[in-house]
Structures are given as structure tokens and as C-alpha cells.
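Trainee: One structure, as C-alpha cells, below. Some questions next.
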Amino acid sequence: MTQEVYVKSIVKKLKCSAAKRQEIKKWLESDITAAIEGGEPLESVIARMGTPENAAKEFNDNFPPEELKAAKRKKTVTIAVIVIIALAAVIALGWWILPKGSMELTHFDKEEVEGRITLIIDLLDADDYEEIRKYSIKAMQSEAVETALRETKALFGSDWGKRESFGSMYIAEVTQMGKRMVTAQVSVSYENTSVTYTITLDKDLQLGGLYMK
Amino acid sequence: MNPKYEQQMKKGVLEMLVLKLLSEKEKYGYQLISELKEKSGEMFLLKEGTLYPILYRLEDEELVISRWSEPKGKEVSRKYYAVTKKGREILTQLSGLWTEFSVKVSGIMSYEESV
């Protein structure tokens, strides 16, 4: 073990203020150097002073109780601060991940949203998937999505009949993981069935999600 | 003998011995450890972990003052301690107390009850 490693190992285990720790480090380095210059080999100095654990214990046992109390308090405060910061980070991350919705539209124009939702439902009724793709985000433009849409529609029956009524549209603005979206829900009645659409559009009003009930 | 008793007894005089050694001239830590070892016939084998806190206490009580030496060339800086006026006064009081203490203790220890 080198002198530097030995001194550092002791100092790390001292229960005192940072300033005192630094001074003891300088002091130990100076005294060990003096011992070596006086003809005492480093091995002998280490044997005399004991293992870093024992040497540090000797210091800690001889520090005044106030010093030990202050060091313990500081350690407790440091741990508490780390725990608080970690908790705050977890809460912030959770808040960032969770969707936050508001019925008040601040970043979207209500009429524009209503127009786009109506257009998508019109296109769905017409089975015009080619056109739907033009108004969808990239992930929704695949063949698999078209297949899924066809299969879902089939679950409501093979012949829906003519559209009879278009219910009130409920629109909410949603922010999740830094992304702003808008979600609308509308019930549409057809001759032979009724469907409640929940449609999500991204900030450019491109179709990002579709749920039918 | 249980080393705890010996340690306890030595502990009570360490401050006085350190003050005594420093009353001759200013000294640094290793010097104090070596001198104590030599002058006590290896009875007082002080470790740094014991000496430094004693010196801190003496300094807090203004019985000693310290200074870091200005290193010359490749020399390392050393922390020197010297006794203050207050320290000398306390040392005188402690010396008197020690003389009385040792006389009384010796008296008790050598006393043989007469039947």
C-alpha cells in the first residue's frame, strides 16, 4: 500500500467536518513523510498506526462528542437531501409520463379539430383507407392498421346501414411525455348499429389513435 | 492486566505530557510521538489518532497555537505546535497537581493497615 492510498483510506473514514478531514490528511502526509525521512520504513509506520479502519477508529474515538454529532447530522442531512431529490425526480418523471388532459383547448382550434374528426369518420364510413392514410401519422399508415380497422369494423356487423345521427363531440387537449395531442369522443348512430369513436390527433391534426366501441 | 486500565491511566496525563514537551520548543506531530516514546522508555506509544485530537483540544482551549511551516525545496510543510502563555500557566498548575496526586496515590498504595 502506498502512503497516498493509506492516508486517503483513513481520511475517508473520519467522522468530522470536511475542513478538519482535509487538514488531518495534510497532517498525516506530513508526519508520515517525517517518519520516513527519520529512517522509519513506511511498512513500520503502517504497522504502528494500524489498518486504515483501526487508525480512523482511533481518531473517531478521540474526537469530541460534538464533532461526531455534527458529522452524523451532516450525513443524515445529506442522505435526506439525496432521498428528497430522488423522490422529486421520480414524481417529476411520473408527472411527465402521465397524460394530462384539459377540456379547455389552448393549442388547438375547436372547429379545425371537429372538422378533422368528422372527415376521418366520413372516410371510415366510406372505407377509404387510402385517404385516411393521408391524414395519419406514419405509424398509422401501415397495411396492418388498415387490416385491423377493417376487422374491427366487421365486429359491429357487415352492414351498418346509413348514418342517422352524429352526437355531440367531446374534445380534450392532452399532454403526455412532452407531446401535445387532442382526443375527441363522439357517438354515431347508423341504421343497424351505433359506434362511439375515440380519436386522437397529434399536434398537426394527424390521426394517431382510434378506438371504437 | 486488562489493557483498558493502563490505557485509562495514561489518558489522564497525556495533555500534561504534550504541554510539557511543547514547553521546551515548538514541535510537530511525529516529533512529539517519537519523544514521548523515547523519554517514557516506550511506555507512551502514542498514535496519530490519539495525538491529533489532543492537540485540537489544546488549541481550542488556547493552550497551544499552531502554524504550518513554509516548505523549502522538496521539504513537506509541517504543522508546528507551541505553548501559549495560558498553556504554561496550566502546565504549572498541572505539574503541581501531579506532584500532589502521585504523593497521595503512592501513600495510599503503600499504606499497610496496622493490626
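The values are calculated or read from the model by the stated rules, or taken from the named source; none is laboratory data. None of the values given here were measured: they were computed from a predicted structure. Using ideal geometry, Cβ is built from the backbone for each residue, glycine included, and neighbour counts are taken over all protein chains shown. All accessible areas refer to the heavy atoms of the entire protein, side chains included, with ligands and DNA or RNA removed. Shrake-Rupley method; radii C 1.70, N 1.55, O 1.52, S 1.80 Å.
Trainee: Against the condition hydroxyl-bearing (S, T, Y) and within 24 Å of A:K162 (Cα to Cα), how does A:T118 come out, does it pass? I'd like the intermediate steps shown before the answer.
Mentor: Values: hydroxyl-bearing (S, T, Y): yes; within 24 Å of A:K162 (Cα to Cα): yes.
Yes.
Trainee: Then there's this: Every residue in the range A:61-106 that is closer than 30 Å to B:E59 by Cα and of a type in the set (S, T, N, Q), please. Write out each step before concluding.
Mentor: Taking the range A:61-106 first, the residues closer than 30 Å to B:E59 by Cα are A:61-78.
Selection gives A:N62, A:T76, A:T78.
Trainee: Quick one: is A:I97 touching a strand residue (DSSP E or B) at 6+ places or on another chain (Cβ under 9 Å), on the phi < 0 side of the Ramachandran plot and away from chain B (no Cβ under 14 Å)?
Mentor: Details: touching a strand residue (DSSP E or B) at 6+ places or on another chain (Cβ under 9 Å): yes; on the phi < 0 side of the Ramachandran plot: yes; away from chain B (no Cβ under 14 Å): yes.
So A:I97 passes the test.
Trainee: Something else about it: Identify all residues within the range A:180-213 that are within 22 Å of A:T106 (Cα to Cα), open to solvent by 50 Å² or more (accessible area, probe 1.4 Å) and touching a strand residue (DSSP E or B) at 6+ places or on another chain (Cβ under 6 Å); write none if there are none. First the steps, then the outcome.
Mentor: Within the range A:180-213, the first condition is being within 22 Å of A:T106 (Cα to Cα), and the residues that meet it are A:180-186, A:198-209.
Adding the requirement that they be open to solvent by 50 Å² or more (accessible area, probe 1.4 Å) leaves A:180, A:185, A:203-204.
A:Q185, A:K203, listed by residue number.
Trainee: Cβ-Cβ below 7 Å, separation at least six or inter-chain, first residue in the range A:125-141 and under 14 Å from A:D202 (Cα atoms), second part of a loop (DSSP other than H, G, I, E, B) and of a type in the set (D, E): which pairs?
Mentor: A:I137/A:D202
Trainee: Those residues that are open to solvent by 60 Å² or more (accessible area, probe 1.4 Å), assigned to a loop (DSSP other than H, G, I, E, B) and farther than 24 Å from A:G94 by Cα, I need them from the range A:156-179; list them, please.
Mentor: A:S158, A:D159, A:K162, A:S168
Trainee: Criterion first (within 30 Å of B:K37 (Cβ to Cβ), of a type outside the set (F, W, Y) and under 41 Å from the mean Cα position of the chain (by Cα)) does A:E67 satisfy it? Before you say what the answer is, go through the steps one by one.
Mentor: Working: within 30 Å of B:K37 (Cβ to Cβ): yes; of a type outside the set (F, W, Y): yes; under 41 Å from the mean Cα position of the chain (by Cα): yes.
The answer is yes for A:E67.
Trainee: Ok, one more. Which number in (1) open to solvent by less than 70 Å² (accessible area, probe 1.4 Å); (2) among the aromatic types (F, W, Y); (3) out of contact with any Pro (no Cβ under 8 Å at 6 or more places or on another chain) marks the one condition that A:W96 misses?
Mentor: All conditions are met except number (1).
Trainee: Within the range B:74-88, which residues are in contact with a Leu (Cβ under 9 Å, 6 or more places away or on another chain) and open to solvent by 50 Å² or more (accessible area, probe 1.4 Å)?
Mentor: Residues satisfying the conditions are B:K86, B:R88.
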